[in-house]
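Read-outs: derived from the displayed coordinates by stated rules, not from any lab. Quantities reported herein were computed from a predicted structural model and do not represent experimental measurements. Cβ sites come from the backbone with ideal geometry, for glycine too, and all protein chains shown count toward neighbours.
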Amino acid sequence: MALDLFQEKGIPLEKQLFTWKDLVRRPYSKLDDDAFTRTRVILMNGIEADALRMKHIFARLSRELRPHLALVRRAEHHQQTMVNWLNPPDQSALETTLGFEQLAIEVTASVAIHEPDPYLAQTYRFGMLEDFDHLYRYSALYDRVEGKDPNNLIQSYSDIRPGRPTAVEHRHPLDDLRRPYDHKTADPLSKLHAVTITAAEFMTHDYYMVVGPQFADPVARQLYAEIASIEEQHVTQYGSLCDPDESLLEKWLLHEATEVYNYSSCLAYETNPYVKAVWQRFLDYELGHLHYVMELFKNLERRDPAEVLPRTLPEPIAFKEHREFVRKVLSQEVDLRSNGPDYVDASRLPPGHRSLVYRDQLNSEGSPTETVAAGYHWRPGTELAAKAERMGSVLEGRRLQ
Ligand SMILES: [Fe+2]
Ligand SMILES: [Fe+2]
Ligand SMILES: [Fe+2]
């Protein structure tokens, strides 16, 4: 039965306690656990980081909310710690990166499929094809620099092949802004979607900005710089879907509801029992936050939370493969570009369009995403395995002569 957001009160804020030992738990296994366990940990770390980010920005803007924000924010910080420390120490930055892109593909696909507003759904499909291409570019780097097969981590849930080529994803900032949903009329699910995907993309951007300079390989350093720029575009795009006319408290309420929704989705799919216990606990914590903010909404804003929140949670985000959907979108929409908030076929962009000028200038000394993947086709066991196979058959042929 769907969870009733008004009946379920969760755990009150004052009972949300941690110890250092409790915070640092047994990590998942990078190869033995399901790939979606990794993507869920990456997603929830991003959602918590955004909970923290939003509460800091709001504290700069509101004297009245400041103490309330400080109280809830401390819990968010410790939640983020517990979630992020579920990542295993033997998972390299590049391996975690593959997890980020797989997450972006599969969660955005699920959101695109369930999004009730056609324009918003189009936006998710548009962005999804770009992250799909990033998975391919990083896979090429992984195969060529680390000599490993990315599919050991992807576990055959997602295709590893080009999407909308990253080199053509670079757009003028004004072509990344979208039309926001209307907070008075939008389906609550549209709001939860926009908050979720914006948070995930923000974390992706921040992660690439931190780990990019840690690579020694010059192509890797450039690759992260190029893809981080697209993630900034994605944050701009998805962030602009949220209605700027919502009050701070309304945004806060939606954010807590989004956290509830995401933990509840993770719980519905989790296969690792240790990780599942964390999702259950934090679902209860988030319900505690939600009810804390519902009270503020009633007392400070004199509004009914039922104006903003759905009564029960929508169907969970689907942590599963969406290969057929992604392939179909790829075949039909790969050539879309944006012109302001609208999507048009590439052939409809007039020569000299600001995004073409912007992109040509950035790519004028080459594109690292093109360099890293030149001639790359994913194959099981890496490119070298294919080479070894060919060598083997040549030698075999000689022996037979
Ligand atoms: Fe949280
Ligand atoms: Fe992205
Ligand atoms: Fe929260």
- request: List the residues whose amide H sits under 5 Å from the amide H of N339, counting only those 5 or more places along or on another chain, with H placed 1.01 Å from N in the peptide plane.
  value: V344
field: Geometric extent, Cα atoms of the chain - Rg, Dmax (angstrom)
entry: 22.1, 89
task: Note the full-extension length gain between V24 and R53 as 0.36 nm times their separation in residues minus their Cα-Cα distance, in nm to one decimal.
output: 8.2 nm
statement: With Cα springs under 10 Å, the Gaussian network model of the chain assigns the largest mean-square fluctuation among R379, R66, R390 to R390
- prompt: So for the pair Y119, K276, with labels modelled 7 Å out along Cα→Cβ, what separation do we get in nm?
  reply: 4.2 nm
query: Once both axes come from the Cα atoms, what is the angle between helix 93-114 and the longest principal axis of the chain, in degrees from 0 to 90, rounded to 10?
result: 60 degrees
task: At q = 0.17, 0.23, 0.30 Å⁻¹, work out log10 I(q)/I(0) for segment 346-401 with the Debye formula, treating every Cα as an identical point scatterer and leaving solvent out; two decimals please.
output: -0.74, -0.94, -1.10
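Which FRET efficiency, nearest 0.05, do D345 and N299 yield, Cβ-Cβ r, R0 51 Å?
Efficiency for this residue pair is about 0.50.
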query: Over the Cα atoms of segment 223-290, Rg to Rh with Kirkwood Rh, two decimal places?
result: 1.12
query: Taking the mean number of other Cβ atoms within 10 Å as a proxy for protection, how do you rank 246-257, 296-307, 122-133 from highest to lowest?
result: 122-133, 246-257, 296-307
message: Tell me the relative contact order for segment 13-399 as a rounded percent, counting alpha carbon contacts under 8 Å between residues six or more apart.
response: 23 percent
Computed lengthening from L362 to R161, 0.36 nm per intervening residue step minus Cα-Cα distance: 70.0 nm
message: What would the Debye equation give as log₁₀ I(q)/I(0) for segment 209-358 at q = 0.15, 0.16 Å⁻¹, counting only Cα atoms as equal point scatterers?
response: -1.13, -1.16
task: Would you mind checking the tilt of helix 218-239 against the longest principal axis of the Cα atoms of the chain, expressed as 0 to 90 degrees and rounded to 10?
output: 40 degrees
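Net charge near V344: determine it from the other residues with C-beta under 13 Å of the C-beta of V344, scoring Lys and Arg +1 and Asp and Glu -1.
-2
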query: Angle between the Cα long axis of helix 382-400 and the longest principal axis of the chain, 0 to 90 degrees, nearest 10?
result: 30 degrees
Computed FRET value (nearest 0.05) for V394 with D206, which takes r as the C-beta separation and R₀ as 41 Å: 0.30
